[in-house]
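To start, the structure under review is shown below, and the notes come after it.
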Amino acid sequence: MNNVFVYCEIEGTTVAEVSQELLTKGRKLANQLGVELHAVVAGTGIKGKVEDQILPYGVDKLFVFDGEGLFPYTSAPHTDILVNLFKEEKPQIALMGATVIGRDLGPRVSSSLTSGLTADCTQLEIGDYDEKKTGQHYENLLYQIRPAFGGNIVATIVNPDHRPQMATVRSGVMQKALYDGKAKNEVVYPEVAKYVPEFDYVVKVLDRHVEAAQNNLKAAPIVVAGGYGMGSKEGFDMLFQLAKELHGEVGASRAAVDAGWIAADRQVGQTGVTVHPKVYIACGISGQIQHIAGMQDAGIIISVNSDPDAPINQIADYVITGTVEEVVPKLIKYYKSNTK
Ligand SMILES: Cc1cc2nc3c(=O)[nH]c(=O)nc-3n(C[C@H](O)[C@H](O)[C@H](O)COP(=O)(O)OP(=O)(O)OC[C@H]3O[C@@H](n4cnc5c(N)ncnc54)[C@H](O)[C@@H]3O)c2cc1C
């Protein structure tokens, strides 16, 4: 009872990476609280196919709901699985991906349980809280941390009284790692009909088209990112050349995406992708908080900017002061000659 739960999302029989990232985070939170990490997954024909993708992340107990009509995802059956399971298990924390599915499922579950939910958290921690009005002291609450008011502040949100404390997190924000400690690894296969009434299956998915990702930005070891300082679409052509030399991917700031110079799925930041490359080369990017939120964990940050006082230079490991028109062609030339 009062454990940490992670809802694991699937595509067919493949568990989503964001769920594995959350299992790693959930394990850390459970260890801090001295409770168990539980996971729940629902789909069709998944028994025996998903367990190995979930248990190694330190799961003590996995609930596998396997039945017709549970894949592709539809709102009602998955909501009832979580609502009814949570009524039985009374978790203190429940986490899910801030994905299309998580954004549909999370609010339904939290409103059914009147529990509250913080969307798009960038950090999750455990801490105490003093309620100033009543003077009441709360221990070991989930700090649900996320940018607020247009990203101008970082808010820490707590949910003192209602359970579970629910949060969604975007893919790539947490990092997954297999657990090298001990976990119970128990697996149970509850009878789906006990949790999902027949009328929940009223929506049938007749046709489904899933578009494959157009780039590998999230997992790229080197990201060459351009901002408004790139000046044009042609400016980004230079970045694609540089990325090709470095075997990296091209990212962008929102200002460059809004200008129409690059596709929106390459936007890095609070409302884009979160990246953790070994090297991040920021070209003509000023470094506003919303951009930094998506790349600050990069191993090495190199800034190319004509303004020596650009805010990004404060977090950069190396700063090249100059225009992108002057610097980027030189980078391409020297990387080319170095790799010959
Ligand atoms: C709710 C919200 C969410 C947001 N989410 C995101 C997000 O996910 N990602 C994101 O990036 N932004 C996001 N933003 C926007 C963010 O606030 C900034 O507006 C944006 O990041 C600025 O992009 P930029 O650095 O490319 O442009 P600018 O701030 O205009 O900076 C351009 C930089 O280029 C330099 N420069 C100019 N010319 C040259 C040259 N020839 N050579 C070299 N350098 C040059 C300038 O010195 C400057 O530093 C968000 C904003 C809000 C309100």
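The values are calculated or read from the model by the stated rules, or taken from the named source; none is laboratory data. Please read these numbers as outputs of a predicted model, since none were measured by experiment. Neighbour counts are summed over all protein chains in view; Cβ atoms, including those assigned to glycine, are modelled from backbone coordinates with ideal geometry.
Note on the range 104-139: residues that are surrounded by 16 or more Cβ atoms within 10 Å (Cβ to Cβ) and either among the basic types (Lys, Arg) or part of a loop (DSSP other than H, G, I, E, B) (or both) amount to 5. Contact annotation: residue pairs with Cβ atoms under 9 Å, 6 or more positions apart or on different chains, pairing a residue in the range 170-183 that is within 16 Å of residue 35 (Cα to Cα) with a partner that is small (Gly, Ala, Ser), are 179/58; 181/58; 182/58; 183/58.
Kindly establish whether residue 227 is buried (at least 21 other Cβ atoms within 10 Å of the Cβ), at pLDDT 95 or above, away from the ligand (no atom under 14 Å from the Cβ) and not polar (S, T, N, Q). Don't jump to the end; show me each part of the working.
Working: buried (at least 21 other Cβ atoms within 10 Å of the Cβ): yes; at pLDDT 95 or above: yes; away from the ligand (no atom under 14 Å from the Cβ): no; not polar (S, T, N, Q): yes.
Criteria not met by residue 227.
Annotation: of all residues in the range 288-299 being aliphatic (A, V, I, L, M) and in contact with a Ser or Thr (Cβ under 8 Å, 6 or more places away or on another chain), the one that is surrounded by the fewest Cβ atoms within 10 Å (Cβ to Cβ) is 293.
Looking only at the range 186-198, residues that are in a loop (DSSP other than H, G, I, E, B), loosely packed, with under 15 Cβ neighbours inside 10 Å and in contact with a strand residue (DSSP E or B) (Cβ under 8 Å, 6 or more places away or on another chain) come to 1 in all.
Here is a yes/no grid of residues against (1) touching a residue at least 40 places away in the same chain (Cβ under 8 Å); (2) out of contact with any strand residue (DSSP E or B) (no Cβ under 6 Å at 6 or more places or on another chain):
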| residue | (1), (2) |
| --- | --- |
| 200 | yes, yes |
| 207 | no, yes |
| 212 | no, yes |
| 224 | yes, no |
| 248 | no, no |
| 265 | yes, yes |
| 276 | yes, yes |
| 292 | no, yes |
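Of everything in the range 300-328 that is in a loop (DSSP other than H, G, I, E, B) and buried (at least 18 other Cβ atoms within 10 Å of the Cβ), the residue that is nearest to the ligand (Cβ to nearest atom) is 310. Do you know which residues across the range 83-101 are farther than 10 Å from residue 166 by Cβ and surrounded by 15 or more Cβ atoms within 10 Å (Cβ to Cβ)? Across the range 83-101, the qualifying residues are 83, 84, 85, 89, 92, 97, 98, 99, 101. In the range 6-95, counting only helices (runs of 4 or more DSSP H) that sit wholly within it, the ones holding 3 or more residues that are touching a residue at least 24 places away in the same chain (Cβ under 8 Å) and more than 20 Å from the chain's Cα centre (by Cα) span 17-33, 75-89.
Here's the yes/no breakdown for (1) hydrophobic (A, V, I, L, M, F, W, C); (2) over 29 Å from residue 44 (Cβ atoms); (3) within 13 Å of the ligand (Cβ to nearest atom):
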{"site": "192", "(1), (2), (3)": "yes, no, no"}
{"site": "221", "(1), (2), (3)": "no, yes, no"}
{"site": "237", "(1), (2), (3)": "no, yes, no"}
{"site": "258", "(1), (2), (3)": "no, yes, yes"}
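With respect to (1) touching a Leu at 6+ places or on another chain (Cβ under 9 Å); (2) surrounded by fewer than 22 Cβ atoms within 10 Å (Cβ to Cβ), the lone exception for residue 248 is condition (2). Name every residue in the range 42-94 that is over 21 Å from residue 202 (Cα atoms), touching an Asp or Glu at 6+ places or on another chain (Cβ under 8 Å) and not charged (D, E, K, R), in order of residue number. Those that are over 21 Å from residue 202 (Cα atoms), touching an Asp or Glu at 6+ places or on another chain (Cβ under 8 Å) and not charged (D, E, K, R): 46, 62, 64. Take the residues of the range 271-287 that are at pLDDT below 95 and of a type in the set (S, T, N, Q): which is nearest to the ligand (Cβ to nearest atom)? Selected residue: 271.
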